[in-house]
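The values are calculated or read from the model by the stated rules, or taken from the named source; none is laboratory data. All values reported here derive from a predicted model rather than from experimental measurement. Because the Cβ atoms are built from the backbone with ideal geometry, glycine has one as well, and the counts that use them run over all protein chains shown.
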Amino acid sequence: MSVAGLFLKRVPGLLALVFVMSPALAGDGIPLRDGALAQQTIEVTIQDYKFLPAEVRIKAGDTVKWINREKRTSHSVLFPAENGLESERLFPDEHWQRTFAQPGSYSYRCGPHEEMKGLVLVE
């Protein structure tokens, strides 16, 4: 009998544990008991008058968190296509987050700095 066979025979639950944990190891989220995946929070840094990364791909139910890493400048996150939905002004080291429930393409920009643009793609 192989070493793997002995190992699996003596610890039958371990194979199931490895199988259940494999989605988390693959970066697909943390599995819950009913098979659903926990939502994730993706960070977008605001620095040097840019959103970094400028484009993020997420799954429905995930959250994007914008963090202002400028030294002195305030910014906001404005979604013009959604009736002007806008965060409050984010001063250095402040953050704002939004959970995206529906699939789609969400373009945004900085309220006071129109040249700063970003995109959230929700699958």
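In table form, for the structure just shown:
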item: Residue list for the range 70-86, filter: in contact with a strand residue (DSSP E or B) (Cβ under 8 Å, 6 or more places away or on another chain) and free of Cβ contacts under 8 Å to residues at least 24 places away in the same chain; result: Gly84, Leu85
item: Sole residue being farther than 17 Å from Glu43 by Cα and in contact (Cβ under 8 Å) with a residue 12 or more places away in the chain, chosen from Gly118, Gly111; result: Gly111
item: From Gly118, Gly111, residue being part of a strand (DSSP E or B), assigned by TED's automatic domain parsing to the domain that holds Phe51 and in contact with a Ser or Thr (Cβ under 8 Å, 6 or more places away or on another chain); result: Gly118
item: Residue count, the range 47-64 (criterion: free of Cβ contacts under 8 Å to residues at least 60 places away in the same chain and hydroxyl-bearing (Ser, Thr, Tyr)); result: 1
item: Criterion (at pLDDT below 95 and either polar (S, T, N, Q) or farther than 13 Å from Cys110 by Cα (or both)) met by exactly one of Gln47, Gln97, Gln39; result: Gln39
item: Subset tally (residues that are of a type in the set (Ser, Thr, Tyr) and farther than 17 Å from Gln40 by Cβ) for the range 62-99; result: 4
